[in-house]
Amino acid sequence: MPALLTVHDLHFAHDGRAILHGVGLELAAGEVLVVVGPSGCGKTTLLRLIAGLERPAVGRITVQGRPLSGGGAWVPPEERPVGFVFQGLALFPHLTVRGNVGFGLADRPRAERERRVQEELAAVGLADLGDRYPHQLSGGQQQRVAIARSLVRRPALMLMDEPFSDLDPGTRAAVRQEVLRILRDHGTGAVVVTHDREDAFHLADRIAEMDQGRLVRIGAAADFRAAWSAHPFAP
């Protein structure tokens, strides 16, 4: 059975400055990989390349064995089986919760669109809030709307960039557990970028550490605890 995600020898530069240097990793179906490292090390760029929001100079990306980029292949973002939760959420303020979640299903029949939106709202615990607007929700509720909006398209892979950074500590812990439950219930693999060690330890099946555009270490979360105690990564 092929890996859900394969990234091979990925290189990327912007305005003549090299940002990624030969990054490679694999993700199994249903696995959560958390990517950590100091600011500017290339974490968000890696997510953007997987999503198709940037194009690599060198390297290959495949999802479910399908080439998305490299070797002559290029699949645009909207055709990739990938959901993306951006830092800052990027909800549409003029749309209701239901409108935000259903935004990516405009090409589907109305009955199917409404059914799937309601299913996802129920899955994230917001079934009764579909007619509210983002400004009427708490930070944790807005986060769940952003997740539902990505999951409603049934992606094979979720990409999440600092998904809990705007939440207070109490809400952060609760939403983190809710996100993990949703991913497990859907059987969705995920790559999550975070600066927060607690996020990494609670979410990750494995952790990948980046530094200066390179993947320097990857392993189980437990393997990182002792090393981080002695040499924590800088935010």
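What follows draws every value from the coordinates through simple rules; no lab data is involved. The structure displayed is predicted, hence computed values, not measured ones. FYI the Cβ positions are ideal-geometry reconstructions off the backbone, even for glycines, and counts take in every protein chain you see.
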- [ ] May I ask you to sort Asp168, Asp211, Asp199, Asp107 by Cβ crowding, counting other Cβ atoms within 10 Å and putting the fewest first?
- [x] Asp107, Asp168, Asp211, Asp199
- [ ] Please report Rg over Rh for segment 164-228, where both radii come from the alpha carbon positions and Rh follows the Kirkwood definition.
- [x] 0.98
- [ ] Mind listing the long-range amide H neighbours of Leu126? Cut-off is under 5 Å, sequence gap 5 or more, other chains count too, H placed in the peptide plane at 1.01 Å from N.
- [x] none
Task: Amide hydrogen neighbours beyond the local backbone of Val152, cut-off 5 Å, H modeled - done: none
Open item on the list: Only bridges whose two residues both fall in the chain count here: according to DSSP, what percent of them are antiparallel, nearest 5?
Closed with: 60 percent
Open item on the list: Test of understanding: extend the Cα→C-beta vector of Gln212 to 7 Å, then name every residue of segment 10-43 with backbone N under 19 Å from that spot.
Closed with: 10-14, 16-24, 36-43
TODO: Note the per residue figure in Å³ for the convex hull of the C-alpha positions in the chain.
DONE: 132 Å³
- [ ] Would you mind calculating the relative contact order of the chain from Cα pairs under 8 angstrom and at least 6 residues apart, reporting the percent as a whole number?
- [x] 28 percent
TODO: List the residues whose amide H sits under 5 Å from the amide H of Gly22, counting only those 5 or more places along or on another chain, with H placed 1.01 Å from N in the peptide plane.
DONE: Leu10, His11, Phe12
- [ ] Give the share of C-alpha pairs in each 10 angstrom bin for segment 1-69, from 0 to the last occupied bin, in whole percents, shortest bins first.
- [x] 20, 55, 23, 2
Task: Residue-by-residue Karplus 3J(HN,Hα) for segment 107-119, coefficients 6.51, -1.76, 1.60, Hz, glycine and proline x - done: 8, 9, x, 4, 4, 5, 4, 5, 5, 5, 4, 5, 4
Task: Percent of Cα pairs exceeding the 25 Å cut-off, where the set is segment 75-203 - done: 18 percent
TODO: Based on other C-beta atoms within 10 Å, arrange His135, His8, His14 from fewest to most.
DONE: His135, His14, His8
